[in-house]
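Report on one structure; see the data block that follows.
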Amino acid sequence: SATASGSPAPTVQWQLSTNGGTTWADIVGATSATYQFTATSAMNGWRFRAVFRNSAGTTTTRAALLRIMTPPTVTTQPTNQAGSIGETAHYTSTATGLPSPTVQWQYSADNGATWVTIQGATSTTLAVAITADQDGYLFRAVFTNTAGSAASNAASLSVLFGI
């Protein structure tokens, strides 16, 4: 919404820019003080402004930047791993969202009742050096952005013990 005063009363025309404000185009039919529309993710970064005109001149509002935010959605789930002591298990998980989410890996030693953050584990792939006490541990990735967070499914680690 935008308003302006003047004599004679000004008319308004809303405009949009899809290139960071370099060029502007009138929005057909957008000639009231309030412009409403349904935003889509394709419109992320578009700018909008109102241009007021009367016989005395023209004034333009500052541009309003449209930021589309969507919470993270996990797109790749980690899978269960098995390995011997001293080997490395690899877990991978990815997510989408706007803005792009960050990732933090966690583990659970009590079948998911509680989760512990793994310090420094902020990549989409987690490498775990397998030790005997990790048999049955669960691992998950937690993705976060300004719109929310989402946790991946838990993936287990089975330690293979030699005879």
Distance in Å, no decimals, from the C-alpha centre of region 1-35 to the one of region 57-132 is 41
Extension length gain for ALA132 and THR3 (0.36 nm per residue less Cα distance), in nm, is 39.5 nm
Here the Cα Rg-to-2.2 N^0.38 Å ratio for the chain is 1.72
Longest the chain segment clear of trypsin sites (Lys or Arg not before Pro) sitting in DSSP loops (not H, G, I, E or B) with at most 15 other Cβ atoms within 10 Å runs 68-163
With the label point 7 Å along the Cα-to-beta-carbon line of THR88 and a cut-off under 13 Å to each amide N, the hits in region 104-126 are 125-126
Relative contact order of region 1-116 (C-alpha contacts under 8 Å, at least 6 apart) in percent is 20
In nanometres, the difference between 0.36 nm per residue of separation and the alpha-carbon distance of ASN153 and THR18 is 44.8 nm
For the chain, the accessible surface attributable to carbon and sulfur atoms (probe 1.4 angstrom, ligands and nucleic acids excluded) amounts in percent to 51
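The values are calculated or read from the model by the stated rules, or taken from the named source; none is laboratory data. Please read these numbers as outputs of a predicted model, since none were measured by experiment. When we count neighbours, we look across all protein chains shown, and the Cβ atoms used for this are built from the backbone with ideal geometry, even at glycine. These area figures cover heavy atoms from the full protein model, side chains too; ligands, DNA and RNA do not enter into them. Shrake-Rupley method; radii C 1.70, N 1.55, O 1.52, S 1.80 Å.
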